[in-house]
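Since the structure comes first, as structure tokens, the remarks are kept for the end.
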Amino acid sequence: MLVRKIVGHLASIAALVLLGGLLSATLVRLAPGFDTDERELDPSLSAESLRAIRAERASQHNILRFYATYLRGAAHGDLGTSQALGQPVGNLLRERWPVTLRIAGVGLLLGWLLASTLAFTACLWQRPPGEVLGTALSGAFLCIPAAVLALASVIFNSPGYLAIALIVFPKIYRYSRNLLAKAYAMPHITAARARGLGELRILARHALPVAGPQMIALAGVTISIALGAAIPVESLCGLPGIGQLAWQAALSRDLPLLVNLTVLVTLVTLLANSGADVMNYVLRPPEA
């Protein structure tokens, strides 16, 4: 059953990644100003160079043909060439992916640490100040746009992963706190308190097993949130990662680069969500 579930997830991932790449190419092609290219404004270019630039854009007018060509090249390890940067897309991704992995990974870890600490403290302490502190902090950062937090990171010269941590923190806290509150309202928690069990033991042995599967699923979702937060953070902080690359590609309507970035982000998001689903299946089999 586990093997069948994994195979099913892999098949779904493959289909959704292919569909996501096609939809991305279609949206970019239909975007206003797709045929414009700032390189044409260069007065030093010859007429032959201008014709070559226009021919390059013209080859992308038929989306199905472009996408079929892209898939054939990707099957042989050729992800195409960025029109804006003039470099192979594969090289750009290899150079920039480690930066985003470090920033988003550390930021996600810090966000989970802060949110979990406040959520667990509110449950263990069982006092209004703990609940008010967590709710006030999460509500405040939830109202601040990601770009503003990125600008604050630039102004105060703080690391980019701190901005990502503050972006994902309120979402993690509010959902995990609600899960724990729902678990604490169950009858067996009341029975455990009546037997005189300590709050720490109740949390570890009775509340977390109930809220655990949903929190694992939340962990998968927050990976995509962190990747999305990396775009404004890297762009405004000048960090050479995938997020900054996505912003540059969007501004220049770089179709080959945008399709590859969409496929990459879709793949990571689906793998994270499927991994959380499989982990829940292993930890809590259906027959249990």
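The values are calculated or read from the model by the stated rules, or taken from the named source; none is laboratory data. As the structure is a computational prediction, the values presented were derived from the model and not from experiment. Every residue, glycine among them, receives a Cβ derived from its backbone with ideal geometry; neighbour counts consider all protein chains shown.
Name the one entry in Ser176, Ser153 that is over 16 Å from the mean Cα position of the chain (by Cα), among the hydroxyl-bearing types (Ser, Thr, Tyr) and under 18 Å from Ile231 (Cα atoms).
Values: Ser176 fails: under 18 Å from Ile231 (Cα atoms).
Among Ser176, Ser153, only Ser153 is over 16 Å from the mean Cα position of the chain (by Cα), among the hydroxyl-bearing types (Ser, Thr, Tyr) and under 18 Å from Ile231 (Cα atoms).
Which one of these does Pro240 not meet: (1) in contact with a Pro (Cβ under 9 Å, 6 or more places away or on another chain); (2) in a loop (DSSP other than H, G, I, E, B)?
(1)
As an exercise: evaluate Gly107 against (1) assigned to a helix (DSSP H, G or I); (2) modelled with pLDDT under 90; (3) buried (at least 17 other Cβ atoms within 10 Å of the Cβ); (4) among the small types (Gly, Ala, Ser) and give the number of the one condition it does not meet.
Here Gly107 meets the rest and fails (2).
Give the number of residues within region 84-96 that are surrounded by 15 or more Cβ atoms within 10 Å (Cβ to Cβ) and part of a helix (DSSP H, G or I). Steps first, answer last, please.
Of region 84-96, the ones surrounded by 15 or more Cβ atoms within 10 Å (Cβ to Cβ) are 84-85, 88-90, 92-93, 96.
Filter once more, keeping what is part of a helix (DSSP H, G or I): 89-90, 92-93, 96.
The number of residues fulfilling the criteria is 5.
Please verify whether Thr100 is modelled with pLDDT of 90 or more and under 29 Å from Pro240 (Cα atoms), treating the condition exactly as stated.
Yes, satisfied.
Which numbered condition in (1) over 24 Å from Tyr175 (Cβ atoms); (2) of a type in the set (A, V, I, L, M, F, W, C); (3) crowded, with 21+ Cβ neighbours inside 10 Å is the only one that Ala250 fails?
So Ala250 meets the others, but not (3).
Step by step: first the residues of region 35-54, then only those that are part of a loop (DSSP other than H, G, I, E, B) and modelled with pLDDT of 70 or more, then the one that is nearest to Leu255 (Cα to Cα). Which residue is that? Steps first, answer last, please.
To start, the set of residues in region 35-54 that are part of a loop (DSSP other than H, G, I, E, B) comprises 35-37, 42-46.
Restricting the remaining residues to those that are modelled with pLDDT of 70 or more gives 43-46.
Details: Pro43: 24, Ser44: 25, Leu45: 22, Ser46: 24 Å.
Among those residues, the one meeting the criterion is Leu45.
Which residues, counting only those in region 110-137, are in contact (Cβ under 8 Å) with a residue 24 or more places away in the chain and more than 16 Å from Ala181 (Cα to Cα)?
Residues satisfying the conditions are Leu110, Gly111, Trp112, Leu114, Leu137.
Does Val17 satisfy the criteria of being assigned to a helix (DSSP H, G or I), in contact with a Pro (Cβ under 7 Å, 6 or more places away or on another chain) and at pLDDT 85 or above? Steps first, please.
Details: assigned to a helix (DSSP H, G or I): yes; in contact with a Pro (Cβ under 7 Å, 6 or more places away or on another chain): no; at pLDDT 85 or above: yes.
When the stated conditions are applied, Val17 does not pass them.
Are there any pairs, at least 6 apart or on different chains, whose C-beta atoms fall under 9 Å, with the first in region 60-73 and free of Cβ contacts under 8 Å to residues at least 60 places away in the same chain and the second exposed (fewer than 12 other Cβ atoms within 10 Å of the Cβ) and not small (Gly, Ala, Ser), and if so, which?
Ile63/Leu30
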